[in-house]
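Below is one structure, written out as structure tokens; comments come after it.
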Ligand SMILES: [Zn+2]
Ligand SMILES: [Zn+2]
């Protein structure tokens with residue numbers, strides 16, 4: 001092996017890396033910041049919610065949908081479209097519910113298929129307690145399992 005095959009240069013701008021911390025992560029300090037920002041942007045676009053177990057998360061969302069449709073309210077308050085045609089959606093939110101299958105607390109809402117009116121799940125007063133995690137500290141092991 002020639003010494004030159006393993007050069008410690010930045011993965012982004014190709015300039016030599018000057019300290020061991022930079023070498024370890026593969027980016028210089030400035031590029032590292034940019035890379036992290038880009039990562040965050042990507043996550044916002046493609047992954048508004050952090051899913052730990054896709055199957056379990058899907059199950060949770062299906063259950064919520066079922067309960068919403070069984071609830072007192074059957075149509076969109078804004079346009080009258082049946083709630084049935086809309087979708088249950090969620091995104092990471094500190095004040096949300098710590099739902100099974102998700103890596104972060106979720107803000108859950110129903111979105112009308114016609115007028116896009118968003119109805120927070122809290123306003124529907126349905127019981128979701130059995131869909132919440134008992135111990136949120138398990139999230140580290142979940143990442144491994146996936
Ligand atoms: Zn760089
Ligand atoms: Zn509507």
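The values are calculated or read from the model by the stated rules, or taken from the named source; none is laboratory data. What you see is a predicted model; the values in this text were computed from it and never measured. No Cβ is skipped: glycine too gets one built from the backbone with ideal geometry, and neighbour counts run over all protein chains shown.
Select, from 86, 80, 95, the only residue that is free of Cβ contacts under 8 Å to residues at least 24 places away in the same chain, more than 17 Å from residue 53 (Cβ to Cβ) and within 14 Å of ligand 2 (Cβ to nearest atom).
Matching residue, one of 86, 80, 95: 80.
Anything in the range 65-104 that is loosely packed, with under 13 Cβ neighbours inside 10 Å and over 17 Å from residue 122 (Cα atoms)? List them, or say none.
Scanning the range 65-104 gives 79, 80, 84, 85.
Hey, any hits in the range 55-64 for a residue that's surrounded by 16 or more Cβ atoms within 10 Å (Cβ to Cβ), within 11 Å of the chain's Cα centre (by Cα) and either assigned to a strand (DSSP E or B) or at pLDDT below 90 (or both)?
no
Tell me, please, whether a residue that is modelled with pLDDT of 90 or more and part of a helix (DSSP H, G or I) can be found in the range 92-114.
no
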